[in-house]
Amino acid sequence: MTPDPFVAHRSLLFTVAYEMLGSATDADDVLQDSWLRWADVDRSRVHDPRAYLVRIVTRQALNRRRTLSRIREDYVGEWLPEPLLTSPDVAEDVQLAESVSMAVLTVLETLAPVERAVFVLREVFDMPHGDIAEAVGKSPASVRQIARRARGHVMARRPRVQVSASEQRAVMDRFLAALGTGRLQDLMEVMAPDVVMIADGGGLAGAVLAPVHGAEAVTAVLARASRSALVSAVTWLNGAVAARIEVAGEPAAVSVVVVEGRITDIYLVRNPLKLTRLDQQADLAR
């Protein structure tokens, strides 16, 4: 029996929604709404179910994004995407891994909702401009302009150096070892001088409320955390080697950007509402 197209493409649809929203919880809600709309569609009139379903999910994600924008105005401190447990296989698709990385998802937060949708559909999923235009309610000419603008915005802000998983793992091991011992010099040496740390506690867990700049300042913040009982383990989050840690019994997820053997960016998620899926591997697809 041929599976329903929605079921067959669910991983793709979830990935589209997640990249547009930065939240697995909200992506699941979007898929639920999209399924209800798909259930009412006359399938005999759908010539390309994949493209049709992506359009439904895109529209629902844009609607959801408008609601989230109002909610996030009252968010306490910095907002980071919800980290996802992924398999090492995701890293083999370099474009997919980069598109779901914490660094790129954080950059995508600076785009307007339609710009983000156009960027994701064009750059990640290689959808034709005409299909994107139908999904976002713009003309193909407008979509081309939006795509160029969004691409330039993201290219200027995303990390430009890709490192191997083995190099990422080696740096992460050094970072966690230094964090565990609390040796300030070791922490300083594993970070770039202009490192930036962003932490997300959402008002529900202790976290600095603004980005911390510079190795000295970041080391001081991390050293305070390391004085509590700290347990850490390397894992795969958002298509890259990352870490799960516990500080004073409270969980956190840590993702980093590595350039030339040193950490340039640290993303620390402590909001417990964003850490509920760290034992549930996400199924991502393009």
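The values are calculated or read from the model by the stated rules, or taken from the named source; none is laboratory data. Quick caveat: nothing in here was measured; it's all calculated off a predicted structure. Backbone-built Cβ (ideal geometry, glycine too); neighbour counts: all protein chains shown. Areas reflect the complete protein model, heavy atoms only, side chains present, ligands, DNA and RNA absent. Shrake-Rupley method; radii C 1.70, N 1.55, O 1.52, S 1.80 Å.
Worth a mention:
- Inter-residue pairs, beta-carbon under 6 Å, first in contact (Cβ under 8 Å) with a residue 60 or more places away in the chain and under 28 Å from D194 (Cα atoms) and in the range 266-277, second hydroxyl-bearing (S, T, Y) and not in a loop (DSSP other than H, G, I, E, B), 6+ apart: Y267/S255
- Matching residues, the range 39-75, being surrounded by fewer than 18 Cβ atoms within 10 Å (Cβ to Cβ) and basic (K, R): R43, R45, R50, R66, R70, R72
- Residue selected from the range 5-25 under the condition touching a helix residue (DSSP H, G or I) at 6+ places or on another chain (Cβ under 6 Å) and outside any helix (DSSP H, G or I), by the criterion most open to solvent (accessible area, probe 1.4 Å): H9
- Qualifying residue in the range 51-64 (condition: in a loop (DSSP other than H, G, I, E, B) and either more than 23 Å from L275 (Cβ to Cβ) or of a type outside the set (K, R) (or both)): no
- Residue count for the range 26-50, restricted to those that are part of a helix (DSSP H, G or I) and in contact with a helix residue (DSSP H, G or I) (Cβ under 8 Å, 6 or more places away or on another chain): 14
- Across the range 210-222, the qualifying residues are those that are touching a residue at least 40 places away in the same chain (Cβ under 8 Å) and surrounded by 20 or more Cβ atoms within 10 Å (Cβ to Cβ), and the one among them that is farthest from D173 (Cα to Cα) is V218.
- Some residue of the range 129-137 being touching an Asp or Glu at 6+ places or on another chain (Cβ under 8 Å), more than 30 Å from R244 (Cα to Cα), free of Cβ contacts under 8 Å to residues at least 60 places away in the same chain and not basic (K, R): no
- Any hit, the range 119-141, residues being open to solvent by 30 Å² or more (accessible area, probe 1.4 Å), of a type in the set (V, I, T) and at pLDDT 95 or above: no
- Residue count, the range 157-204 (criterion: part of a loop (DSSP other than H, G, I, E, B), under 25 Å from E82 (Cα atoms), open to solvent by 30 Å² or more (accessible area, probe 1.4 Å) and not hydrophobic (A, V, I, L, M, F, W, C)): 6
- Filter result for the condition that a residue is of a type in the set (S, T, Y) and not in a loop (DSSP other than H, G, I, E, B), over T106, T110: T106
- Filter result for the condition that a residue is surrounded by fewer than 21 Cβ atoms within 10 Å (Cβ to Cβ) and not in a strand (DSSP E or B), over A233, A225, A207, A282: A225
- Filtering the range 250-279 to residues that are over 24 Å from T15 (Cβ atoms), buried (at least 23 other Cβ atoms within 10 Å of the Cβ) and of a type in the set (D, E, K, R) leaves only R270.
- Test set (1) in a loop (DSSP other than H, G, I, E, B); (2) buried (at least 19 other Cβ atoms within 10 Å of the Cβ); (3) among the basic types (K, R) - R244 fails condition number: (1)
- Residue match in the range 176-184 (condition: under 22 Å from the mean Cα position of the chain (by Cα) and either modelled with pLDDT of 90 or more or of a type in the set (K, R) (or both)): yes
- From E115, E98, E82, residue being modelled with pLDDT of 95 or more and in a helix (DSSP H, G or I): E115
- Yes/no for A156 being within 20 Å of V259 (Cβ to Cβ) and touching a strand residue (DSSP E or B) at 6+ places or on another chain (Cβ under 7 Å): no
- Test: residue in the range 122-138 that is within 17 Å of the chain's Cα centre (by Cα), among the acidic types (D, E) and on the phi < 0 side of the Ramachandran plot: yes
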